Amino acid sequence: MSFDKSFENRIKAILGEEFDAFMTSLSTEKITALRVNLLKANTSERIEKIKTALSEDGTDFSSEINWEQNGIIYAGGAPGKHPLHEAGAYYIQEPSAMSPVYYLDPKPGEKILDLCAAPGGKSTQIASKMNNEGILVSNEIDKKRAQILSLNIERCGIRNALVTNMEPSGLSEVFEGYFDKILVDAPCSGEGMFRKNDEAIDNWSPENVRLCSRRQTDILKQAVKMLAPGGRLVYSTCTFAPEEDEYQAAMLLSWGMKPVKAELFEGMVSGDITNLQRILDTGENLLETRAVIDTLSEETQEEIKICSGRLWPHRIKGEGHFFAIFEKEGDISLNADLYGINGKVRTVNVDDIKPFSEFADEFLSDICIVPDENGKRKKASCRLVGELKGVPFMFGDQLYLAPEGMPGIGGITVMRPGLHLGTMKNGRFEPSHSLALALSKENVKHCHEAGSVSEAMSFIGGMSSRVPGLEKGWYLITIDGFSLGWAKYAGGILKNHYPKGLRIYT
Ligand code: SAM
């Protein structure tokens, strides 16, 4: 592995005596980890099932991760190829990347924006802490990456997410002052990924660091606009470049954001604006940044230290990362009822979704459709109560479920407007793959457990199976109790309904 000399000089300037230890760490094995998805593995018994199944497949679990109680470091095996991965039982994510969400501290019921969200590691982590209550807007500017994000949201069975494909400036026109919490996991120069990803090394240049720095300032401006008074913003990167990290923290403070004290875990170190000064002293000509740091008061310099953290791969088990935590002045409790900022989704009444009600009566448990309070009126809307809660609405012939209070979707490019329940056509309802992944075996009347990993893989590969003597209808196919998708039983055959585009042929 060889690095740009200028990169090495910059890191030397920041790390001094620790430079050699850092360089040595880059030639050691990358750390691999996964995060159990609490939306599905919500009991210790289920978590044990995942661990046992993966251990039998050759995965060795070692230490836990201090800042993410559901994260586990592992070596060996191929958890990404196990059917439990397709069931959304866990998400593969390196340990340092799990730290920003710890500091965001998501809670059920909040309105949270993940502004730069693809492929979805942090969005799925946020969602698992929201327990399907509140609203998560997961945004990604790049359409292809937004599609991958959307699939990961589906795989993890998330019910309360709106996946959007917007530029931050477009989103901020709609959502001004709306969110309780915002994560900006910014596009960055990726220095923290050098051990993991050779492409990050090839793409590195001082010019790209500058470009990323400017882009981040633009994104953060929009994020601040969308934050409610009293709301929290976490900014993070996977780079060491202080023109991005500490410099952006300084910008946020200069716009009036308040620092929030970061309690650091063992091995983390505070950010420090003098890192930028040290880089400038190596002769890098970054005039705009110099002008800013020359005017920073001692108080601001101290605030940057207090609210930020750096994760270095020679100090912790994980890749490189930076985070900083801020709050907007104001009282967040005033934001509690501020839903419907962009109007409401167009609701439906009980009759409009009769085929779905019939499906729910026949095949789902603990889920029912009730008319709203004004239900005596002919065109009254309805909602779902029980295990699946929210407001059903149609998008063409597709039926979706919006979390309670979800804003209207006018003027936004949406990839996934809530939980996709299924398709309604010619008076019939066909359940979606998203619905299968959002349900557990307790939520359905019929389920069929794949007896082995190979049986589960053959289901994921689209194979139907012959099973004698079942009752006719829709079956949730499960592995170790985790749902994989739908099959429909008739004439002795469980007909496979795994989506063609997601099939994995083994
Ligand atoms: N948070 C993600 C996760 O945990 O899986 C990783 C996000 S990645 C570090 C940054 C993302 O920002 C990329 O997906 C990239 O496409 C997106 N991005 C690039 N330019 C952007 C811009 N101008 N505004 C917003 N997002 C941008």
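The values are calculated or read from the model by the stated rules, or taken from the named source; none is laboratory data. The model shown is predicted, which means the values in this text are computed figures rather than measured ones. As a convention, Cβ positions derive from the backbone with ideal geometry for all residues, glycine included, and neighbour counts pool all protein chains shown. We work out accessible area using only protein heavy atoms, side chains counted, and drop any ligands, DNA or RNA first. Shrake-Rupley method; radii C 1.70, N 1.55, O 1.52, S 1.80 Å.
Residue-level analysis places Leu276 among those that are within 22 Å of Asp185 (Cβ to Cβ) and either outside any loop (DSSP other than H, G, I, E, B) or without any contact (Cβ under 8 Å) to a residue 24 or more places away in the chain (or both). Within the set Gly473, Gly481, Gly469, Gly492, the sole residue that is in contact (Cβ under 8 Å) with a residue 60 or more places away in the chain and farther than 20 Å from Arg155 by Cα turns out to be Gly473. Annotation for segment 430-439: no member residue is of a type outside the set (Asp, Glu), in contact (Cβ under 8 Å) with a residue 24 or more places away in the chain and surrounded by fewer than 19 Cβ atoms within 10 Å (Cβ to Cβ). Among the residues of segment 131-147, none qualifies, meaning not one is within 21 Å of Ile31 (Cα to Cα) and within 13 Å of the ligand (Cβ to nearest atom). Screening Glu284, Glu246 for residues that are more than 26 Å from Trp67 (Cα to Cα) and acidic (Asp, Glu) leaves exactly one candidate, Glu284. When residues in segment 419-428 are screened for being at pLDDT 95 or above and buried (at least 19 other Cβ atoms within 10 Å of the Cβ), 4 of them pass. Filter segment 180-197 down to residues that are among the hydrophobic types (A, V, I, L, M, F, W, C) and within 22 Å of Phe22 (Cβ to Cβ) and give me whichever is farthest from the ligand (Cβ to nearest atom). Among residues in segment 180-197 that are among the hydrophobic types (A, V, I, L, M, F, W, C) and within 22 Å of Phe22 (Cβ to Cβ), the one farthest from the ligand (Cβ to nearest atom) is Phe194. When segment 1-25 is filtered for residues that are polar (S, T, N, Q) and open to solvent by less than 60 Å² (accessible area, probe 1.4 Å), the ones remaining, listed by number, are Ser6, Ser25. Answer yes or no: is there a residue in segment 228-240 that is closer than 23 Å to Pro168 by Cα, among the aliphatic types (A, V, I, L, M), open to solvent by 10 Å² or more (accessible area, probe 1.4 Å) and within 16 Å of the ligand (Cβ to nearest atom). Checked against the condition, which is being closer than 23 Å to Pro168 by Cα, among the aliphatic types (A, V, I, L, M), open to solvent by 10 Å² or more (accessible area, probe 1.4 Å) and within 16 Å of the ligand (Cβ to nearest atom), segment 228-240 yields no hits at all. Does Tyr91 satisfy being of a type in the set (Phe, Trp, Tyr), farther than 30 Å from Ile412 by Cβ and not in a helix (DSSP H, G or I)? It is false that Tyr91 is of a type in the set (Phe, Trp, Tyr), farther than 30 Å from Ile412 by Cβ and not in a helix (DSSP H, G or I).
On the stretch given as segment 53-86, residues that are open to solvent by 20 Å² or more (accessible area, probe 1.4 Å), hydrophobic (A, V, I, L, M, F, W, C), assigned to a strand (DSSP E or B) and out of contact with any Phe, Trp or Tyr (no Cβ under 7 Å at 6 or more places or on another chain) total 1. Test of understanding: among Ala262, Ala241, Ala228, Ala250, which residue is part of a helix (DSSP H, G or I), of a type in the set (Gly, Ala, Ser) and at negative phi? Criteria check complete, one pass: Ala250.
State which residue is surrounded by the fewest Cβ atoms within 10 Å (Cβ to Cβ) when the search covers only segment 455-506 and only residues that are in a loop (DSSP other than H, G, I, E, B) and of a type in the set (S, T, N, Q). Per the criteria, the residue is Thr506.
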